[in-house]
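Take a look at the structure set out below.
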Amino acid sequence: MITNFPKKKSYNPGGLRSFRFVPRSWILGYPPIVNNKITGEVTLLPGREWLTGYATAETLAFEENGNDSPNGVYYDQSIPGFAPGDHEDLLDLIQSMEGNEFVALVVDARGQTRLVGGYGYPLKFISDYSSGTMRSDGKGFSYEFTSQCPFRAPVYKV
């Protein structure tokens, strides 16, 4: 419904506080989206739980860019971040995630959670590694979860 814009919140910081993720194949079902909000839990396979993601402070974001097409509006969704280091455990994890499909829960600085990559529009994971060139550079993996979706990521209030 088209109305006046709501008044802005007095506290509205940018960035994300954290994210959790699961492979798409671990999901059994999704609750309905009502008014851009989910109030039931996403159902995971027995014995599976949300995995905890990591990103260096001030590198984690959620971006959702609207695009028009002959088939209607769609949204390019992106969760970029940076994971420092190149130790073998991190290298193994990054390698196993690349090209696979995921669903994520992102939590902003105010504590609001949104579900990204669900309902048949999973996120793909890709990364780049750099050792840097200066001693002061941080070596590690710049990564990104991306998707195109016909609706904005709903608020997850569970």
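The values are calculated or read from the model by the stated rules, or taken from the named source; none is laboratory data. Keep in mind that this is a model prediction, so the values were computed, not measured. Positions of Cβ are backbone-derived with ideal geometry, glycine not excepted, and every protein chain shown enters the neighbour counts.
Can you name the condition, by its number, that residue 144 falls short on among (1) out of contact with any helix residue (DSSP H, G or I) (no Cβ under 8 Å at 6 or more places or on another chain); (2) surrounded by 11 or more Cβ atoms within 10 Å (Cβ to Cβ); (3) under 21 Å from residue 40 (Cα atoms); (4) touching a residue at least 60 places away in the same chain (Cβ under 8 Å)? Only one criterion is unmet by residue 144, namely (3).
Residue 22 satisfies every condition listed in (1) in a loop (DSSP other than H, G, I, E, B); (2) closer than 21 Å to residue 119 by Cβ except (1). Here residue 115 fulfils each of the conditions (1) hydrophobic (A, V, I, L, M, F, W, C); (2) touching a residue at least 60 places away in the same chain (Cβ under 8 Å); (3) more than 22 Å from residue 15 (Cβ to Cβ) apart from (3). Screening residue 52 against (1) surrounded by 16 or more Cβ atoms within 10 Å (Cβ to Cβ); (2) among the hydroxyl-bearing types (Ser, Thr, Tyr); (3) within 13 Å of the chain's Cα centre (by Cα) leaves a single unmet condition, (1).
Tallying residues that are assigned to a strand (DSSP E or B) and not aromatic (Phe, Trp, Tyr) within the range 98-115 yields 10.
Report yes if residue 99 is in contact with a strand residue (DSSP E or B) (Cβ under 6 Å, 6 or more places away or on another chain), loosely packed, with under 15 Cβ neighbours inside 10 Å, modelled with pLDDT under 95 and more than 15 Å from residue 153 (Cβ to Cβ), otherwise no.
Details: in contact with a strand residue (DSSP E or B) (Cβ under 6 Å, 6 or more places away or on another chain): no; loosely packed, with under 15 Cβ neighbours inside 10 Å: yes; modelled with pLDDT under 95: yes; more than 15 Å from residue 153 (Cβ to Cβ): yes.
Considered against the rule, which asks whether it is in contact with a strand residue (DSSP E or B) (Cβ under 6 Å, 6 or more places away or on another chain), loosely packed, with under 15 Cβ neighbours inside 10 Å, modelled with pLDDT under 95 and more than 15 Å from residue 153 (Cβ to Cβ), residue 99 comes out as no.
Taking residues in the range 37-57 that are within 18 Å of residue 84 (Cα to Cα) and acidic (Asp, Glu), and partners anywhere that are surrounded by 13 or more Cβ atoms within 10 Å (Cβ to Cβ) and at pLDDT 95 or above, not one pair has Cβ atoms closer than 6 Å while being at least 6 places apart or on different chains.
Of the numbered criteria (1) under 24 Å from residue 151 (Cβ atoms); (2) modelled with pLDDT under 95, the one residue 87 fails is (1).
Candidates in the range 113-141 are the residues that are modelled with pLDDT of 95 or more and surrounded by fewer than 13 Cβ atoms within 10 Å (Cβ to Cβ); of these, the one that is farthest from residue 76 (Cα to Cα) is 128.
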